[in-house]
Amino acid sequence: TLPAPPIFTPSVRARRRCLAFPSAHARHHHPRCKMHLRSAFIQPVLSALLVCQPRPSIFRPALAACSRPTANLDAGGLQIVKSKGTKPIPTFDEKLPFGKHFSDHMFEVKWNVKEGFGAPQIVPFHKLELDPASQCLHYGVQCFEGMKAYKDSDGNIRLFRPDMNMKRFQDSCQRLALPTFDAEQMIACLKEFLKLDAAWIPEKEGFSFYLRPTAIATGETLGVVPSSDALFFIMGCPVGPYFKDGFAPVKILAESNYRRAWPGGTGDAKVGGNYAPGLLPQRLAQEAGYSQVLWLFGEEDYVTEVGSMNIFFVWINENGEEELVTAPLDGTILPGVTRDSILELVREWGELKVTERKITMQQVCDAVSDGRLKEAFGAGTAAIVSPINGIAYNGTDMPVPCGTDNKAGPLAKRLYHSLSDIQYGRKPFRDWSVLVE
């Protein structure tokens, strides 16, 4: 729990001056001010305010104590209401659009602050009915996940590291003061949903079934308070390959005017409020001829993410070592499942140095001009890897090597095929591919 804040006594005005102007405090040496400045509560706050650099919120360790208690979600009480009719299943070909054709059913469960979770249900896919005052419509109290189910060559359904998705889903809920849940019970419900709508899961290379677990605040009030009610639901749709005709590298625009995330914010949570502010910069970048925005932060222009993906660079670093580098999880970076998988695989291979550290655009520019940058790519659930062949920064377009075929670098290709083999169950690796039985 957080330490109790200091209690102001008759010298409140003096101590307020000390907190607002610590340099003045140093001149006057007020004993009570000194005591409070050294306290465990005040000093970290001052440090976080006075040192402007990306770092996790000092309050994050206390979030568990401040969030709602975990209510009981019981997959054993799952109720299944089958659809009386079936929707036409789209053709699984290269024309299959992303996120358009949803399967016959969906999972949902309601939560109330007094009663906890209700009975989980799998029901026919339907539109939601919400009160106009629902908090998700006014204050962005909603979060979600993005994950996929696959069919292997034997027709078995598989999930890829669902425990990591559910852990991040829990963290996002906690960050928004939404209820948390038992991850194993949620995965058990998800598996039943997949078995019921198995016909919607493509049995074809490069195709999968995209899943969108979502939590929204349904408390009916305009008060800016933690919601008394919530709705969890999962829907799914078949999707085709991200690259229809093989790898298609993209040019990206390093964005200095807009920011995706900041210290103490929600950059490490998958909440809707992280995505809507990026729509305008994305459109402006596309109008300027670029596919994605490279998000920067701070006066040093630290590289953070690209679009809605994590970003990786392969280069020869200043010490002459071949290195795979990506931004660290400092509270502003989304802990991507694909990101973690790439780091784990490359470390397992042991062929080049793997580092999570801060990267400035100046370092990227220097690596390009010195010929040390070997390749760059984004990474996420939708594409696995998305090769980058150019970066624009401060009015200058910088070319990025993209392999001998100018489509993807060697590491990006290897990672794509290795992760695909694991996801489709062709090559086992640890416990990453989970059978739905």
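If a/c stays under 1.5 just call it rounded; otherwise compare a/b with b/c (prolate if a/b is bigger, oblate if not). Do that for the stretch 323-435, with a ≥ b ≥ c from the square roots of the Cα gyration tensor eigenvalues.
Prolate, because a/c is 1.5 or more and a/b exceeds b/c.
For K374, list the lysines whose Cα falls under 22 Å from its own Cα; do not include residues on the same chain fewer than 8 positions away.
Result set, ordered by chain and number: K251, K353, K358, K407, K413.
Near the amide H of L176, under 5 Å away, which other amide H atoms are found, from residues 5 or more places off or on another chain, if H is placed in the peptide plane?
When sequence neighbours closer than 5 places are left aside, there are no close amide H contacts.
Applying a 10 Å radius around every beta-carbon, put 367-377, 128-138 in order of their mean neighbour count, most first.
Values: 367-377: 19.9, 128-138: 15.1.
So the peptides 367-377, 128-138, ranked by packing, come out 367-377, 128-138.
Using each residue's phi in the stretch 144-152, evaluate 6.51 cos²θ - 1.76 cosθ + 1.60 at θ = phi - 60° and report the 3J(HN,Hα) Karplus result to the nearest Hz, with x for Gly and Pro.
7, 10, x, 8, 9, 10, 10, 10, 7
Can you tell me which lysines have their Cα less than 17 Å from the Cα of K204? Leave out same-chain residues fewer than eight positions away.
Result set, ordered by chain and number: K95, K148, K151, K244, K427.
When you count, for each residue, the other Cβ atoms within 10 Å and take the mean per peptide, how do 279-285, 312-318, 379-385 rank with the highest first? Write down the numbers at each step before the final one.
Values: 279-285: 15.1, 312-318: 19.9, 379-385: 22.1.
Those peptides, ordered most packed to least, come out 379-385, 312-318, 279-285.
For the modelled label position 7 Å from the Cα of A133 along Cα-to-Cβ, which residues of the stretch 206-235 have backbone nitrogen atoms closer than 15 Å?
Under cut-off, by backbone N: 218-229.
Going highest first, how would you order 143-156, 89-102 by mean Cβ packing within 10 Å?
143-156, 89-102
Could you name the lysines whose alpha carbon sits less than 20 Å from that of K82, not counting residues in the same chain fewer than 8 places away?
K110, K127, K191, K195
Only the coordinates and a few stated rules stand behind these numbers; no lab work does. Everything numeric here is computed off the predicted structure, so don't read it as measured data. Ideal geometry is used to build each Cβ from the backbone, glycine not excepted, and the neighbour counts take in all protein chains shown.
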